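Below: the structure, in structure tokens.
Every number in this text was worked out from the coordinates using simple rules, so none of it is lab data. Quick caveat: nothing in here was measured; it's all calculated off a predicted structure. Cβ placement follows ideal geometry from the backbone for every residue including glycine, while neighbour counts extend to all protein chains displayed.
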Ligand code: PEP
Ligand code: MG
């Protein structure tokens, strides 16, 4: 039966495919397609892994028997019996074989997929004892996964072309099983998880939780595939393998669509592709307004490899390299100076001489270092993580780590034009500490006799306190970059990652607009560089307003550059200036913009 789930639109376009449900705890399991010739070997890998666990249980059972009935805890004996029974369960075994044979999933993916299918059945059981057996199933799945570690097939293909082909409607109606796109459905995905999926087989994402500018949503947007977050209960309502449509423009997920709905969305999908094709012709067109104002369109990137996409999209530089993605999901083993130097240099090289703005780590809040509960930086370890030890505060609390990063960036600056950007500053003392550590990093390199390059120094304006004390910032910095995602969050006291307050997250709130407008105006008046690198910069409905407020530098995901360029080409900043002032001073700019 067709039904729809409403969430938040975060990444545009339409995806049509089969649902792959992934438990949040299992996203680190490899997902790739195998070749038809590997099917037998992949089934063997699961069998060998399962047999290893069965043998281990048999050994334990023997030890228990030797202990004698008095010492052997009855619960343990019963538990081992249950585990053996589950391991030999027909549904588990035949299900895993099905995913490998019919869908060509790799062994780990097939196992976790079948786990999800059976776990759902356990959830629906009336009997509490049986319901609780889900935990046992989870344990044995975990054990088999562990036993399979290191046995991955050497010729595995992590990125298959399969799954990226658009199915024809005929395919969908014929229920073609192997060669169709897949969409990932999860309760939640951390930004690091998302990064892992960047090179993956999925054509779209759906999560139960998350706000429009949560970092998970931001990474989804950078992948340029349709995504809906905050689609509550989707991971419970959608079943493994269901057909789903993701309408990334409307923020709607349609489950089990009827042929008529499929036809309609197939049509929409083609329209989106046509529009993309049209926009791609603007790639080499300079971003100049009708009245001759040159506009700088820069890219936001998460990894050095994203530079290629930025160049392809026509970016004239990187306005925000979120360096924290180099630090995440590494079980606390942070990248050393050399590794960071190599990564920054790769990004610089990838930009072919265009400027690269590297932001120092912004760990914390919805970007934990990793998911392990013992880490102090886990997002839920503090009551208000967004107000806690985050970004520059985290860096200043660990000077050795910060110095390592600063040295790596200074060294990389020898290879190209590098700007250093500091996140989340609010206090003069933080600015002075940061600059003194930068001097210290230079002195350390001097002592080691290591060469480094010059840096332009920038601060992010993300906290209202910073926007209200611009004079202080302009005394120390060459340029400012407005992080509107956080500026909105902190001005309006709205957690950007919380879908339950997403409707109040308003870039057009007059307080937000005033802070943005005054920051742009003050920098322009003092001849300092000013850019916006938050999501507002890539929102085409706001391009004219920002141009009217005097902004000439926008930094956004590469996927948004051409659409923003189209707006720039149609704009006349002379005419927009007076209008933007009126909007800014309106009591309800949102209503005024909607009427315009
Ligand atoms: C912002 O806050 O607008 C920003 C660009 O930084 P991030 O989204 O990484 O917090
Ligand atoms: Mg920010």
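The stretch 232-301 and the stretch 431-496 have their alpha-carbon centroids 35 Å apart.
Taken along its three principal axes, the alpha carbon spread of the stretch 36-148 comes to 52, 33, 19 Å, from the longest extent down to the shortest. Estimated from helical segments only, the mean residue ellipticity of the chain at 222 nm is -14500 deg cm²/dmol, where each DSSP H run of four or more residues counts as -39500 (n - 2.57). Seen against the Cα atoms of the chain and their longest principal axis, helix 74-87 is set at about 80 degrees. With contacts taken as Cα pairs under 8 Å and at least 6 residues apart, the chain reaches a relative contact order of 15 percent. Using the Stokes-Einstein relation with a Kirkwood hydrodynamic radius computed over Cα pairs, the translational diffusion coefficient of the chain at 37 °C and a viscosity of 0.692 mPa s comes to 126 µm²/s. The Cα atoms of the stretch 281-595 cover 57, 44, 35 Å along the three principal axes, with the biggest extent listed first.
In terms of packing, defined here as the mean over residues of other Cβ atoms within 10 angstrom, the peptides 383-390, 221-228 line up highest first as 221-228, 383-390. Peptides 453-460, 88-95, 569-576 ranked from most to least packed give 453-460, 569-576, 88-95, packing being the mean of other C-beta atoms within 10 angstrom over each peptide's residues.
In the stretch 380-484, the inverse of the mean reciprocal separation of distinct Cα atoms equals 14.6 Å; this is its Kirkwood hydrodynamic radius. Can you give the angle from 0 to 90° between the axis of helix 573-585 and the longest principal axis of the chain, with both taken from C-alpha atoms, to the nearest 10? Approximately 70 degrees, to the nearest ten. The mean sequence separation of alpha-carbon pairs under 8 Å and at least six residues apart, normalised by the residue count of the stretch 36-148, gives a relative contact order of 38 percent. For the peptides 441-448, 347-354, the ranking by mean Cβ contacts within 10 Å, running from highest to lowest, is 347-354, 441-448. Sorting 207, 77 from the fewest to the most surrounding beta carbons within 10 angstrom yields 77, 207. FRET efficiency for the residue 252 to residue 331 pair, using the beta carbon distance and R₀ = 35 Å, is estimated at 0.40. Each label point was placed 7 Å from the Cα along the Cα-to-Cβ direction; for residue 592 and residue 569 their separation is 3.0 nm. Across the stretch 281-595, C-alpha contacts under 8 Å between residues 6 or more apart give a mean separation that, scaled by the residue count, equals a relative contact order of 20 percent.
Relative to the dominant Cα principal axis of the chain, helix 90-103 is inclined by about 50°.
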